[in-house]
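Everything on this sheet refers to the single structure shown next.
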2 protein chains.
Amino acid sequence: MNGHLPAAGLQLRSLIKRSGELELSLVDVDVPAPGADEILVRIEGSPINPSDLGLLLGAADVSTVRRAGTPDRPIVTATVPPKAMGAMAGRLDESLAVGNEGAGVVVAAGTSSEAQALLGKVVAVIGGAMYAQYRVVKAADCLPLPEGTTPADGASSFVNPLTSLGMVETMRREGHSALVHTAAASNLGQMLVKICLQDGVPLVNIVRSPAQVTLLREIGATYVCDSSAPTFVEDLGKALAASGATVAFDAIGGGTLAGQILAGMEAAVNAKATVYSRYGSSVHKQVYIYGGLDTSATVLNRSFGMAWGVGGWLLFPFLMKIGAEAAQKLRARVAAEIKTTFASHYTRVISLDETLSPDVIAAYSKRATGEKYLINPNKGLGGG
Amino acid sequence: MNGHLPAAGLQLRSLIKRSGELELSLVDVDVPAPGADEILVRIEGSPINPSDLGLLLGAADVSTVRRAGTPDRPIVTATVPPKAMGAMAGRLDESLAVGNEGAGVVVAAGTSSEAQALLGKVVAVIGGAMYAQYRVVKAADCLPLPEGTTPADGASSFVNPLTSLGMVETMRREGHSALVHTAAASNLGQMLVKICLQDGVPLVNIVRSPAQVTLLREIGATYVCDSSAPTFVEDLGKALAASGATVAFDAIGGGTLAGQILAGMEAAVNAKATVYSRYGSSVHKQVYIYGGLDTSATVLNRSFGMAWGVGGWLLFPFLMKIGAEAAQKLRARVAAEIKTTFASHYTRVISLDETLSPDVIAAYSKRATGEKYLINPNKGLGGG
């Protein structure tokens, strides 16, 4: 072991009490010495992804946020509506560290040559508890970033890049030749547009405003359908027919959209059919729900035959399924293209203290498409 | 070729006109001479399965049924509501023969030894157009029934027996160890109870009345949950926990039941979990919708994590997927147990003429669980 080893660092915690109260706080945690095959990373960038928000705020009502505690050690509280407490049962009274992924500088390393080789390098890391000044991880688990990459550049190297690559990989492995993406103007959606352009994969983008149509057209998207347009169903039908897409990845989850996509796929398939089957086409049509921007019920008006599926899709089970070698290929592509295909854009960079500011919470909890916040846990604390 | 060869026979036809009218009729069709490897079957039993009703009546409003034509050649008409015409687009102005499966006596056979061996035998057949006096099929496609089996005994040898066997086979192939079935008091549901008892597979039966609970208890069912009971959710939760079921087959399709089943499965899995994951358990939970007794939307309140799927399930794609050898094993079991495990019970046996009677249509179109009609196309016509 060598390098600079701090004694302690701040970590953000989220706690939902049995009494129905969310409590966010900053706690001092000891910084452990890295083991032989481990590294200590000073985290300088960690995004607030939708998946982080779920853990950070739980089912709390953001309009009830209050800040107390001391200026140095703020404590934010908010009320969790009683009817939402059931879904929180698994985490009650447990103080949880937050932050799926991040990037930073390796400030100490274990004795192994693999760990030592990373000292002073900028690396991307994943594994939770990244909303913290320091984080120890296995050297083998980090993603070393190319020379000239900053922690802010590399902060989002896993969730969005691997999710968008995973969608294209799932499409291929399950025998489809084109795909649909909803909430497509998101950071992830823009990555997917770039991947599909590079790979020559037809992609139908569903967005929610004319401005988002413009945004995606500007980065080269071919099929962009605006669900706010009166011609949406017709536009979607044409794009599905032209692209041949039979699998969709849906970040919205609630409402009738998943079913509309299936119905549009079925109509596109049947338009080419020559024989009537009352069970519909035999072409399997699939929608994977990977997010829940709309937490209301998924409503499927079953007008798309019998060869269909709707289900959950998550990155980590997908990576487990494809195996270490295939996953490594995806990671290598992310590192190589981190400033181009997989570049993320942030609305604002915030400190841990600002992460607990009611105004800032109100802003990032909106989950507005295309708006994204980056936490720098060492901002204003002498680290970054 | 030898045996008795009639010149012509009656066949039931269903037609939906572009004008929005359903027309059911009986037509005289030529009876072809069977080819070398074919047999001619005098159909004496063909059930009205829910899947047949879909083709027979389409989206017609049964309350508008009128009978005209002549006593010998009745013509029944009914109105298809304009908003339902979209779903009928694939079949407009095409006169369709109806009846998925049936059984009868082989009255003529082609020259091949396989065909000749069936002459005079009672066989079960599948392939559509069974609501007819005569049907030519490949000898290899029929299921010869054991000595002493009548056409009425064997009329339902395919759809329900193979569907219920297919459910258990799907459960095994997809790594589950117990299953759930809805509308479980049906003919198919009773078969499934018997299969699962024989095979030692835990089965959670969901029924819709106390009388149906009694019915299934009497044939030995262990877990029976009545969705009309105030304790249903609790009862289902207990049965899911006790059985460990993580796959369900749902004949209802519409409403919130599929989602309730997934939520109950997730709760049962989580009750045994030791670590909190905000994505829910990693155990895949699946509901296959194989029928549409409730044609309203499937409403999924997503409170069951991310490892889930809902999709369509159909017998024929399943049989294609498992291959000819595996399918043949299932068929052999059906023939051997046609009077026990796979015995069907019919509310009434009706002629082709009665099939076109408004009163009878009103009765069989209700799709009442446990009520089933058998058509004998040769009843009252000198055949049966």
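The values are calculated or read from the model by the stated rules, or taken from the named source; none is laboratory data. What you are looking at is a predicted structure, and each value in this text was computed from that prediction instead of being measured. Neighbour counts run over all protein chains shown; Cβ positions are idealised from the backbone, glycine included.
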For segment A:162-192, the count of residues that are of a type in the set (Val, Ile, Thr) and either surrounded by 24 or more Cβ atoms within 10 Å (Cβ to Cβ) or at pLDDT below 95 (or both) equals 2
Of the residues in segment B:55-92, those that are without any contact (Cβ under 8 Å) to a residue 12 or more places away in the chain and closer than 26 Å to A:Val275 by Cβ number 4
Note on segment B:300-312: residues surrounded by fewer than 20 Cβ atoms within 10 Å (Cβ to Cβ), more than 21 Å from A:Ala263 (Cβ to Cβ) and either in contact with a Phe, Trp or Tyr (Cβ under 7 Å, 6 or more places away or on another chain) or more than 7 Å from every other protein chain (Cβ to nearest Cβ) (or both) are none
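This table checks each residue for (1) out of contact with any Pro (no Cβ under 9 Å at 6 or more places or on another chain); (2) within 14 Å of chain B (Cβ to nearest Cβ); (3) of a type in the set (D, E, K, R).
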| residue | (1), (2), (3) |
| --- | --- |
| A:Thr70 | yes, no, no |
| A:Val76 | no, no, no |
| A:Thr79 | yes, no, no |
| A:Ala87 | yes, yes, no |
| A:Ser95 | yes, yes, no |
| A:Asn100 | no, yes, no |
| A:Ala109 | no, no, no |
Going through segment A:130-146 in order, the residues found to be modelled with pLDDT of 95 or more and charged (D, E, K, R) are A:Arg135, A:Lys138
Taking segment A:247-259 and the residues there that are closer than 21 Å to A:Thr170 by Cα and free of Cβ contacts under 8 Å to residues at least 60 places away in the same chain, the one that is farthest from the other protein chains (Cβ to nearest Cβ) would be A:Ala258
Within segment A:277-299, residues more than 30 Å from A:Ala60 (Cβ to Cβ) and facing chain B (nearest Cβ under 7 Å) come out as A:Arg278, A:Tyr279, A:Ser282
Within segment A:30-43, the residues that are assigned to a strand (DSSP E or B) and crowded, with 16+ Cβ neighbours inside 10 Å are A:Glu38, A:Ile39, A:Leu40, A:Val41, A:Arg42, A:Ile43
Those residues of segment B:214-246 that are buried (at least 23 other Cβ atoms within 10 Å of the Cβ) and in contact (Cβ under 8 Å) with a residue 60 or more places away in the chain come to a total of 3
Checked A:Ser46, A:Ser19 against criteria (within 30 Å of A:Thr295 (Cα to Cα) and surrounded by fewer than 18 Cβ atoms within 10 Å (Cβ to Cβ)); the one match is A:Ser19
